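Peer 1: Would you mind keeping the following structure in view while I ask a few things?
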Amino acid sequence: MAGYKNRKGNCKKVLILHAKTGGGHFLASKSLEEYIKENFRNIKLLNIDGLKNAPFPYPFMPFFWDILSEIPFLWKNIFYPFNIKFLYNLTIFIQNLLLFPCLKRLIIFFNPDIIFLTHPFFIPPLFKIKKKLKKKFYLITVLTDFGEIHTSWLSKGSDFLWIPSNFTFNEIKDKIKEIKYEILGYPVRKGFLEKKEFERNGILIMGGGKGKGPILEILKEIRKNFKDLKITVICGRNRKLYKKILNFKEKNEDKNIEVIAFTDKVAEYLKRSILIISKPGGSTVAEAVYTKTPFLAIKPCPGQETGNVKFLEKIKAGKKIKSIKDLYEIIEKIFKEEEKFEFEEDLIKYEYKKNEFLLKILS
């Protein structure tokens, strides 16, 4: 923390940089923003999408991600080749060339003391800005997935690496010998940390904020075998999906289906559910683990989502469902308690360390 300590007085300015290439990066940034605003005074905070004002193609990255996440073969052939450090280093030139100017303007304008990153694209250009402008901001990289951590997260430039779990640490420990780090859990919103309990009844189907995945097909398959089971479907901002689920509910006069559009009460819905069925994005997986809701992962993308499934299976908090047709068998086993989930790594135990760390650098 040498750069941070060289600043005069207490930290006053905090910059959070996210990118909307998948919901986890943004949700982690919002959770950090919420926590800092609630617990620290005299902090000037800016949370911004660092790709929004960058030159082509960066502003279109969210759009590209939406396409690639639906074409697993294509994403696999991007993720894994560029996970090799030598090949990834070739892309750093492009990142510096295109992102350096806009980030430089932002740093000069805001002059932050501390920067939190929830996306790895910003590490190389910020490292270059630090050296060229001789800025002394403290750069904290917050990992937003649990496994299959891409080498871009570990590239040179971070002062501190925020690791979400011991599982993640064990995967990357041989690659971070020159980076300061700590296991601090995953940045989730306050509702997921509250101890308030609910009676668990029924199952939850969701696909993140954008309502991704074969949600209608999952609903139909479950309803074929479990006629009276309460099912809550969260469609996020996917209006087409919302209308399809609503039509299915009304057509079948099914009073045990609850259809929800976008909601900020995901924590409550998780705590009320026996299990969740969803694509395994980083934030959704974290939220399920914090609320101890067993996770059935459908169609994970190669790379980070595959890594998230490995985490779930390792700590016995969930499992991958190879086919929608397998849902009946696994749900039946869960109801009969033949399949149990132990949650062998409790992420809430890192909350004290997280609070201590943020108190140390922000007070």
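Yes/no per residue for (1) of a type in the set (S, T, N, Q); (2) within 29 Å of D159 (Cα to Cα); (3) open to solvent by 40 Å² or more (accessible area, probe 1.4 Å):
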{"residue": "I298", "(1), (2), (3)": "no, no, no"}
{"residue": "E329", "(1), (2), (3)": "no, no, yes"}
{"residue": "L359", "(1), (2), (3)": "no, yes, yes"}
{"residue": "S363", "(1), (2), (3)": "yes, yes, yes"}
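Peer 1: If you don't mind, another one. Residues in segment 237-254: is at least one under 17 Å from the mean Cα position of the chain (by Cα) and surrounded by 21 or more Cβ atoms within 10 Å (Cβ to Cβ)?
Peer 2: no
Peer 1: Among residues belonging to segment 312-327 that are among the basic types (K, R) and at pLDDT 95 or above, point out the one that is most open to solvent (accessible area, probe 1.4 Å).
Peer 2: The extreme case among them is K314.
Peer 1: Read through the list (1) of a type in the set (A, V, I, L, M, F, W, C); (2) within 25 Å of F226 (Cα to Cα); (3) crowded, with 23+ Cβ neighbours inside 10 Å; (4) in contact with a Gly (Cβ under 8 Å, 6 or more places away or on another chain), then give the number of the only condition that I274 fails.
Peer 2: So the condition that I274 fails would be (3).
Peer 1: So which of F63, F26 is free of Cβ contacts under 8 Å to residues at least 40 places away in the same chain and out of contact with any helix residue (DSSP H, G or I) (no Cβ under 8 Å at 6 or more places or on another chain)?
Peer 2: F63
Peer 1: Continuing with this model, one more query. I'd like to verify a number: residues in segment 333-349 that are in contact with a helix residue (DSSP H, G or I) (Cβ under 9 Å, 6 or more places away or on another chain) and either touching a residue at least 40 places away in the same chain (Cβ under 8 Å) or open to solvent by 50 Å² or more (accessible area, probe 1.4 Å) (or both), how many?
Peer 2: Matching residues across segment 333-349 total 9.
Peer 1: From the set of residues in segment 83-98 that are touching a helix residue (DSSP H, G or I) at 6+ places or on another chain (Cβ under 8 Å) and either small (G, A, S) or open to solvent by 80 Å² or more (accessible area, probe 1.4 Å) (or both), which is modelled with the lowest pLDDT?
Peer 2: Within segment 83-98, the first condition is being touching a helix residue (DSSP H, G or I) at 6+ places or on another chain (Cβ under 8 Å), and the residues that meet it are 83-85, 87-88, 91-92, 95-96, 98.
Those left that are additionally either small (G, A, S) or open to solvent by 80 Å² or more (accessible area, probe 1.4 Å) (or both): 84-85.
Details: I84: 90, K85: 86.
Across segment 83-98, the extreme among qualifying residues is K85.
Peer 1: Can you pull out every residue in segment 264-287 that is of a type in the set (G, A, S) and farther than 15 Å from K196 by Cα? So that I can check it myself, show each step before the final result.
Peer 2: Filtering segment 264-287 down to residues of a type in the set (G, A, S) leaves 267, 273, 278, 281-283, 286.
Correct list: S278, G281, G282, S283, A286.
Peer 1: Have a look at I257, I234 and point out the one that is over 23 Å from F167 (Cα atoms), touching a Lys or Arg at 6+ places or on another chain (Cβ under 6 Å) and at pLDDT 95 or above.
Peer 2: I257
Peer 1: Can you find, within segment 139-173, the residue that is farthest from C301 (Cα to Cα) among those that are among the small types (G, A, S) and surrounded by fewer than 22 Cβ atoms within 10 Å (Cβ to Cβ)? Before you say what the answer is, go through the steps one by one.
Peer 2: Residues of segment 139-173 among the small types (G, A, S): 147, 152, 155, 157-158, 165.
Now restrict to residues that are surrounded by fewer than 22 Cβ atoms within 10 Å (Cβ to Cβ): 152, 155, 157.
On the way: S152: 18, S155: 23, G157: 28 Å.
Applying the filter and picking the extreme gives G157.
Peer 1: Mind listing whichever residues of segment 212-240 are under 21 Å from G281 (Cβ atoms), in contact (Cβ under 8 Å) with a residue 40 or more places away in the chain and not β-branched (V, I, T)?
Peer 2: K212, G213, P214, E217
Peer 1: What are the residue pairs meeting all of these: first residue in segment 245-268, first residue at negative phi, second residue among the aromatic types (F, W, Y), Cβ atoms under 8 Å, and 6 or more apart or on different chains?
Peer 2: Sorted first by the residue in segment 245-268, then by its partner, the pairs are D254/F248; I257/F248; V259/Y242; I260/Y269; A261/Y242; T263/Y269; A267/F192; E268/F198.
The values are calculated or read from the model by the stated rules, or taken from the named source; none is laboratory data. On a predicted model such as this, the values are computed, not experimentally measured, just so you know. Using ideal geometry, Cβ is built from the backbone for each residue, glycine included, and neighbour counts are taken over all protein chains shown. The protein model used for the area step is the full one, side chains on, heavy atoms only, and it has no ligands, DNA or RNA in it. Shrake-Rupley method; radii C 1.70, N 1.55, O 1.52, S 1.80 Å.
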